[in-house]
Each structure stands twice: as structure tokens, then as C-alpha cells.
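Remarks on the structure that follows.
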Amino acid sequence: MKKTMLKVVVCAVMVAALGWIAGDRTHLFAATHLFTTAGAAGPVEIKIDNYSFTPADITVAAGTTVTWVNRDDVPHTVRNNDGTLKSKALDTDDRFSMTFDKPGTYEYFCSVHPKMTARVVVK
């Protein structure tokens, strides 16, 4: 009986792990989507939903294009204080993209909802 139970538990863990690996890696550890590191210069998507940017902090390689997609029911913007990030008001399903060529830290916010903040770190 103990061996059978052990086999069931091991199989369940393997199925969960495979689902996590094949999916968006948030199935087992839901908070991992808050901080993301992109190793290669490829497209990255940030979701705007429930009055937040997800992931809130992201590290990307220089040359990476980041796209923000508004999944919320209300308009949002992507802005920063020095004007390097400046989207129009994004309605539901609207997108805004920017390619980050220069290393640095880009802190940004929604000008409609200033408590919505996040950052992109470019290495």
C-alpha cells in the first residue's frame, strides 16, 4: 500500500512539473510572474490587468522589444518622467511596444492611475 501511494504521489508531482514547464511557469508558483528575466534579445510581453503591470519588474538584454497589452476594462498608459516611454491611452486589447537598445533602468507608471508602477532593467 505504501509503495502504491508513493508511486501515485511521484506521478502527480511529475505531471504537475511537466505542466508547469510546458505552460507559462506560473502553475505551481503563482508569484514568480512578478519578476522575470529575459536572457536573449527577443520579444517580451507585459500584461496590464487589474490595475497592475505584470511582470512588475523585468530584466532584458539590450535590443529587446517589450510590448504592453491592456487586458483591463479601463484605459491605461505607459509613461516615465523623462519621456522615453510615452504611450497613448491604451483601451482594452490595445498594444504599445518599445525596443530597449540602451542599458539602464526604466521606471514607468500609468499616468491615469499613478499608483501603477513598474520597471524595465536593460543589461
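Show me the strands (runs of 3 or more DSSP E) found entirely inside the stretch 40-110 where at least 2 residues are over 11 Å from Val120 (Cα atoms).
On the way: elements: 44-49, 52-54, 57-60, 64-70, 95-100, 104-109.
Ranges flagged: 44-49, 52-54, 64-70, 95-100.
Condition first: surrounded by fewer than 21 Cβ atoms within 10 Å (Cβ to Cβ) and among the hydroxyl-bearing types (Ser, Thr, Tyr). Now tell me which residues in the stretch 52-82 satisfy that.
Ser52, Thr54, Thr59, Thr65, Thr67
List the pairs whose first member sits in the stretch 65-91 and is of a type in the set (Asp, Glu), whose second member is at pLDDT 95 or above and in a loop (DSSP other than H, G, I, E, B), and whose Cβ atoms are under 9 Å apart, counting only residues at least 6 apart or on separate chains?
Asp72/Asn50; Asp72/Tyr51; Asp72/Thr92; Asp73/Thr92; Asp91/Val74; Asp91/Pro75
Give the residues of the stretch 111-123 that are assigned to a strand (DSSP E or B) and farther than 23 Å from Val74 by Cβ, sorted by residue number.
Keep residues of the stretch 111-123 that are assigned to a strand (DSSP E or B), which gives 117-122.
Across the stretch 111-123, the qualifying residues are Val121, Val122.
Does Lys102 satisfy the condition of being assigned by TED's automatic domain parsing to the domain that holds Asp49, within 14 Å of Ile48 (Cα to Cα) and either over 15 Å from the mean Cα position of the chain (by Cα) or at pLDDT 95 or above (or both)?
So Lys102 does not fit the description; no.
The values are calculated or read from the model by the stated rules, or taken from the named source; none is laboratory data. All values derive from a computational prediction rather than experimental measurement. We place every Cβ from the backbone using ideal geometry, glycine too, and count neighbours over all the protein chains shown.
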